[in-house]
1. Give the accessible surface of the chain per residue, rounded to a whole number of Å², with probe radius 1.4 Å and ligands, DNA and RNA excluded.
2. Along the Cα→Cβ direction, 7 angstrom out, place labels at Q36 and K112. What is the inter-label distance in nm?
3. Run the reach check for K109 against lysines, Cα to Cα strictly under 30 Å, same-chain hits fewer than 8 apart removed. What comes back?
4. Carbon and sulfur together cover what percent of the accessible area of the range 222-286 at a 1.4 Å probe radius?
5. Please list I25, I206 in order of solvent-accessible area, largest first, computed with a 1.4 Å probe with all protein chains present.
6. Be a star and scan the range 203-239 for residues whose amide nitrogen sits under 16 Å from the point 7 Å along the Cα-to-Cβ vector of S56.
7. If ligands, DNA and RNA are left out, what is the accessible area of E53 with a 1.4 Å probe, given in Å² to the nearest 10?
8. Compute the relative contact order of the range 3-215 as a whole-number percentage, counting only Cα pairs closer than 8 Å that sit 6 or more residues apart in sequence.
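The values are calculated or read from the model by the stated rules, or taken from the named source; none is laboratory data. Note that this is a predicted model, so its numbers are computed, not measured. Don't worry about glycine lacking a Cβ; one is built from the backbone with ideal geometry, like all the others, and counts go over all protein chains shown. Areas reflect the complete protein model, heavy atoms only, side chains present, ligands, DNA and RNA absent. Shrake-Rupley method; radii C 1.70, N 1.55, O 1.52, S 1.80 Å.
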Amino acid sequence: MELRVTGLSKTYGNGVKALDNVSLIVPQGMYGLLGQNGAGKSTLMRTIATLQEADSGDVHLGDTDVLKDKEGVRRQLGYLPQDFGVYPRISAADMLDHLALLKGLANGKQRKEVVEAMLNRVNLFQHRKKALSSFSGGMRQRFGIAQALIGNPKLLIVDEPTAGLDPGERNRFYNLLAEVGENVIVILSTHIVEDVMELCRKMAIIHQGRVLYEGAPDDAVNSLEGRIWERRIPKAEAAAYGERHKVISSKMVAGQPLIHVFAEQAPEDGFTPAKPDLEDVFFSKIAGLN
Ligand code: ADP
């Protein structure tokens, strides 16, 4: 099964064109939707999750027409929104039990089994009796995945899930998502390049409501081979380099800017070839260079 988005457009009442003729093919596994804040990711996620309407276009999950058959989609969907609600003082186990009941699991014994298996899966079993309001950021996100997976969805949407997690929590969350991605379609929306690099075999870059790239992260990185150059520069000369070259990124290394420049040949003395990475892809696509 795959998710197909075709020609999806949405303009908000204030005139912002959040989606501009977006087309994507999302196969089973982890799919990264990479874009800066304001790119249109949440609008796209919410439309696929049947929470808001598009102006035009078509979305199909397998044979289900997502924009018309909302109930049909909701039965197959798990969603972890960007701001995952309030965290009540009830325990993780009680909350999952309640959600499983809402999903139609009427048999109490069966429900207990499902809830305990889910708590084990997201590594929260030992915390099952603790109030959700006392959970750390990482525990909340893992609980968010658990609630989204109750009911065995075929499509899981996670919107900016790693923001605010410390490196250890992020790693645990990556491992969990990678495991989930073996069986379902997972769309991971993020502005963090590392999320996509670590997890996704296929991705799209979205910018100002438009898809600038869709394909394998590796292919995009390989296409930049020989076209990214780097140099450490004095801080005071950053602006001058920006005028002379197509600078796609600048980061501080040991207190000094290291710039990456897009060019078909060595830009000038002092530049060395850089091994391209997904960040170079992202910034050069957004700058319209490649
Ligand atoms: P992302 O999730 O990538 O940050 P969004 O889909 O939230 O992007 O937003 C895309 C654009 O649409 C932004 O310019 C944002 O300000 C605008 N936008 C989002 N929601 C609304 C809304 N309800 N009304 C008006 N503009 C909106």
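1. I get 49 Å² per residue for this part.
2. The modelled label-to-label distance comes out at 5.4 nm.
3. The qualifying lysines are K129, K130, K154.
4. Accessible surface attributable to carbon and sulfur in the range 222-286 totals 50 percent.
5. Final ranking, largest accessible area leading: I25, I206.
6. 210
7. For E53, solvent-accessible area is about 110 Å².
8. Contact order relative to length: 33 percent.
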